[in-house]
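Comments concern the structure below.
The values are calculated or read from the model by the stated rules, or taken from the named source; none is laboratory data. Bear in mind that the values here come from a model prediction, so they are computed numbers and not experimental data. Note that each Cβ is placed from the backbone with ideal geometry, even for glycine, and that neighbours are counted across all protein chains shown. Only protein heavy atoms, including side chains, enter the accessible area calculation; ligands, DNA and RNA are left aside. Shrake-Rupley method; radii C 1.70, N 1.55, O 1.52, S 1.80 Å.
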Amino acid sequence: MSDIRTRNLLEKILPAVKKPGRYTGAEWNEVRKDPALAKIKVALAFPDVYEIGMSYLGQKILYSLINAHPSFLAERVFAPWPDFEQELRKHRLPLRSLENGIPLADFDILGFSLLYELNYSNILTILDLGGIPLRARDREPRHPLVIAGGPAVFNPEPVAGFFDLFLVGDGEEAFLEIVEKYSELKSRTSNREDILKELAGIPGVYVPSLYEPYLPAGSSLLAVKPKNAAPAAVRKRVLRSFSHSYFPVNIIVPNIQVVFDRVAIEVARGCPEKCRFCQATSLYAPFRVKDPSFVVEKLFQSLHATGYEDASLFSLSVSDYPYLGETIKTLMESLEKDHVSLSLSSLRPKGLSADIVRNIIKVRKTGFTLVPEAGSERLRCVINKSLTDRDIWDAAANAFREGWKLLKLYFMIGLPTEREEDIREIITLIEKMTALGREILSSPPRINISLSSFIPKPHTPFQWAAMEDERSLFEKQLTIKRSLKRMGHVQIKAQPIESSILEAVFSRGDRRLADVLERAWSKGARFDSWRDHFQWKNWVETFEETGVDPDVYRRELDRQTALPWDHIETGIGKRFLLDELGRALRAENSPSCLETSCGQCRGCDFGADIEREFNEKINVGHPQKSFLGQKTESVHRYQVFYAKQGPSRFISHNDLFNILQRSFKRAGVDALYSKGFHPKMQMSLVPALPLGMTGNEESFEFKSFYDLDEKDFVSGLNRNVPPGILFLGLKIIEAGAPSLTERIAAMVYALDLNAEDIKKALDRWREEKQWTGNDAEIAAILVRDYLTAKPELVKEIAIDRASNRVIIHIAFTPQKSLRPQDIVKHIFGLEHAVYIMSREKIFYI
């Protein structure tokens, strides 16, 4: 099937799917290379929906790194939502990349980011829709090399049969090395087995086919051992030179709203706190920090390159970043003027100063997040959460005093040694926090609680622990919900216990689970991390049908036997994890890495050569912004004219506002902002175009202190917009003129009579009436019949024979509107007419 025909078919099915903007590409900063010139083509696959995947920094880093190589090409693909999957299967279309629309089977490498076990079923969907055999053993030389990285690969065994290799550790440290080596090997041989053996020699690479499963003595779980001289263990790759590690300044700006729609920069990797339930502590060790001057410089550069109005500093424990206060202070001196907000991830109450709280709310307040994990100080000692009740009160009080009225709190239930009083302490903590908020704010604060079940994870001190049974977890959830039900200001979001059970099974799973996964997927398992798509009954039936007992993976494990993930080395010793388990059972705290000299705890073997100390004085000047036009003392009111065509017609009205605002920032157009906690660029847009309709002369208004030249404005904006948005003109409006909406007199729409759906409708009418007229003549008859009872607001409907279009002229009133697609539906019987229509012009008074 030709590319043109395929693209036409894709456009045809988009009206039938939710959020078509997920599948169109054409975003600002995307890289579109010529596939014919690429020596190696890499598809970066994320096994979740677009909005989740586009929030993940890891994919952005790899995308930029690979595309920076002159011989390599990287493009993106995300798990299709079930409606889009259904349409692809119905029309027998392969899943393709966003940039060039390359079928997945035509790539050399398909690289998955595995962040979460409940995304595993989506891996199979992507492979199957890509025309790639699910099992690695069934692939031929012509098929892509299917690889994976990310936190979930630290126990890769449940999905080992579906992948050719795994990269364990920091992706920017080794992924390019794998691509370069594969490029060299592919030019020498097509033997897949030989290629994989060679790649297994790269540190951090695990090739499952070179290992075989066995049942260790005293164990109920399969472990693996090498065959054919494969490495006995695979040591994770660690990026030691982290202080100035690669950061993609020109990140892609999505056309639709995504989960974390902002510039986010990682200020530290790893965590010094050693929480015993936390897998990330081991996976991302050692604790490394970025030079604060580098952080500030790259954040400013990226904001300029993207036009984002939000920025974020993140790490596993951003409060432990030693230069946090100085970094925030330096950033806010400029961000506040530019109306850019700053947020922080994973705030640890201890050490969170009032100055930091005061600085990060200067632009806009969102929720203030605290992570106590457990209600009592005793249980926090068990999990090594170095946090007292006083630390929590102080952090909350700082937030309330600065005007924060929303707190977000994260708790876990089912933790090892948990007692009934520990659950009661969660309730008591919320009651006291409510009283504290009422005292400071004079009204109770809003409190959102996230409640999850403890899952024993590999490579943690609790990896041997059992997961609590379903009934007990349910009763604990119910106790908390019932006790806090009387508090209308408290909202509880509890993770479904069944999905936590499935996560626990695959977290500590072995190779037997591959059959379970494939069977559950074939029966419809998709998006298991999404509450409304999770089918627990399907999984229960599948475990029964395959004869695999899921409870085996949730029981307490023997501390002396080999585990399924023992061949994957994190650098944290198993002896240390056992010692920490003993301390946990004695409710003893262990000091963080920041409280002891490196190597004193003998927990890791990374050595003391990790760069962690820098000059706290940030050596980056505040960016000098240049704006279009000449600054004046008075406010100017402008009307802008632009077109919304091609891929941009799949962008919603709200998403369009974000695109226009970010385009202004990139182009240096200084517009006025609203006041208050959530300042927004003051733009007034004409009534929304229906999603899918082209707009050939749309309009909006804005105000500015700058005197703008039309030619400079149009050319400047057109250099800073994604494909499909085209600025046409600018004119100044009198200050006292009515609002944009009040000035609209009429709107003109056009329907394409050459469209396939219209031709089918006309053919049906022609056959039914046994009439031989051409399309324009039949359309004229149908229009005439409709106009015999001319609806209010319809000024004129005519057939333009030169362009073979129906022209619809509708009078506009703000109080009452008539949808043009409803007129077309009435005349021609079409449901999705907006996709073959355009708004040609808007007339103003």
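The fraction of accessible area contributed by carbon and sulfur in the range 1-156 is 51 percent, rounded to a whole number (1.4 Å probe; ligands and nucleic acids excluded).
Take Tyr246: with every protein chain present and a 1.4 Å probe, its accessible area is about 90 Å².
Starting from the Cα-Cα distance between Asp138 and Asp389, subtract it from 0.36 nm times their residue separation and give me the gain in nm to one decimal.
Numbers: separation 251, 0.36 × 251 = 90.36 nm, distance 5.63 nm.
Between Asp138 and Asp389, full extension yields 84.7 nm more.
Sequence-ordered 3J(HN,Hα) estimates for the range 130-147 from the Karplus curve with 6.51, -1.76 and 1.60 and θ = phi - 60° stand at x, x, 10, x, 5, 8, 4, 5, 8, 7, 10, x, 6, 7, x, 6, 9, 10 Hz, glycine and proline given as x. On a 0 to 90° scale, report how tilted helix 470-484 is relative to the longest principal axis of the chain, with both axes built from alpha carbons and the result rounded to the nearest 10. Once rounded, one gets 60 degrees. Other residues with beta-carbon under 11 Å from the beta-carbon of Asn122 carry, at +1 per Lys or Arg and -1 per Asp or Glu, a net charge of -3. Here's the list of lysines a cross-link from Lys523 could span, going by alpha-carbon distance under 18 Å and ignoring same-chain residues fewer than 8 apart: Lys90, Lys537.
Kindly report the accessible area of the range 690-757 per residue (heavy atoms of protein chains, probe 1.4 Å, no ligands, DNA or RNA), in Å². Present the calculation step by step, with values, prior to reporting the outcome.
Numbers: 2880 Å² over 68 residues.
Solvent-accessible surface per residue comes out at 42 Å².
Only lysines eight or more places from Lys769 in sequence, or on another chain, were considered; those with a Cα closer than 16 Å are Lys759, Lys760. Between the range 45-114 and the range 820-845, the C-alpha centres lie 34 angstrom from each other.
Could you please state, rounded to a whole Å, how far the C-alpha centre of the range 227-256 is from the C-alpha centre of the range 679-715? The distance from the Cα centre of the range 227-256 to that of the range 679-715 comes to 41 Å.
With R₀ fixed at 45 Å, the C-beta to C-beta distance from Ile427 to His653 puts the FRET efficiency at about 0.55.
Given a 1.4 Å probe and every protein chain left where it sits, what share in percent of the accessible area of the range 740-845 is carbon and sulfur? Show your work: numbers first, answer last.
Numbers: 2800 of 5740 Å².
Here carbon and sulfur together make up 49 percent of the probe-accessible area.
Residues whose amide H lies under 5 Å from that of Ile413, counting only those 5 or more places away or on a different chain, are Ser452, Ser453, Phe454; hydrogens are built 1.01 Å from N in the peptide plane.
Rounded to the nearest 500, the helix-only mean residue ellipticity at 222 nm of the chain stands at -9500 deg cm²/dmol, with each DSSP H run of n ≥ 4 adding -39,500 (n - 2.57).
List, in the order given, every pair from Lys405/Lys675; Lys19/Lys825; Lys274/Lys408; Lys617/Lys675 whose Cα-Cα distance in the structure shown is over 27 Å. Check vs 27 Å cut-off fails for Lys617/Lys675. Taking the Cα centre of the range 136-280 as origin and assigning +1 to Lys and Arg Cβ atoms and -1 to Asp and Glu Cβ atoms, the resulting dipole is close to 280 debye. In the range 158-259, a dipole from Cβ-located charges (positive for Lys and Arg, negative for Asp and Glu) runs towards its positive end, and of Pro226, Val179, Val249 it is Pro226 whose Cα lies farthest in that direction.
Straightening the chain between Ser187 and Ile732 buys 190.1 nm, computed as 0.36 nm per residue apart minus the Cα-Cα spacing.
The modelled label-to-label distance between Lys680 and Lys33, using points 7 Å beyond Cα along the C-beta direction, is 4.0 nm. Note on Lys41: aspartates and glutamates with a C-alpha under 13 Å away, same-chain residues under 8 apart excluded, are Glu75, Glu99, Asp106, Asp108, Glu180.
Among the listed pairs Lys665/Lys711; Lys60/Lys665; Lys18/Lys181, which are separated by more than 29 Å between their Cα atoms?
On the way: Lys665/Lys711 18 Å; Lys60/Lys665 22 Å; Lys18/Lys181 40 Å.
Too far apart for the 29 Å limit: Lys18/Lys181.
Compute the angle between helix 574-585 and the longest alpha-carbon principal axis of the chain, please, reported from 0 to 90 degrees and rounded to the nearest 10. Tilt of helix 574-585: around 90 degrees.
When percent of Cα pairs over 34 Å apart is calculated for this entry, the matching label among [x] 64; [y] 59; [z] 56 is [y].
By how many nm would the segment from Ile845 to Ala745 lengthen if fully extended, with 0.36 nm per residue of separation less the alpha-carbon distance? Kindly include the intermediate steps, with their values, before the conclusion.
Numbers: separation 100, 0.36 × 100 = 36.00 nm, distance 0.57 nm.
Additional length available on full extension: 35.4 nm.
If you take every DSSP beta bridge fully contained in the chain, what fraction is antiparallel? Give it as a percent rounded to 5. Spell out each step's value before the answer.
Numbers: 53 of 101 bridges.
Looking only at bridges with both residues in the chain, the antiparallel portion is about 50 percent.
The range 370-432 and the range 177-193 have their alpha-carbon centroids 52 Å apart.
Can you tell me the orientation of helix 171-186 relative to the chain, as the angle in degrees between its alpha-carbon axis and the longest Cα principal axis, to the nearest 10? Approximately 80 degrees, to the nearest 10.
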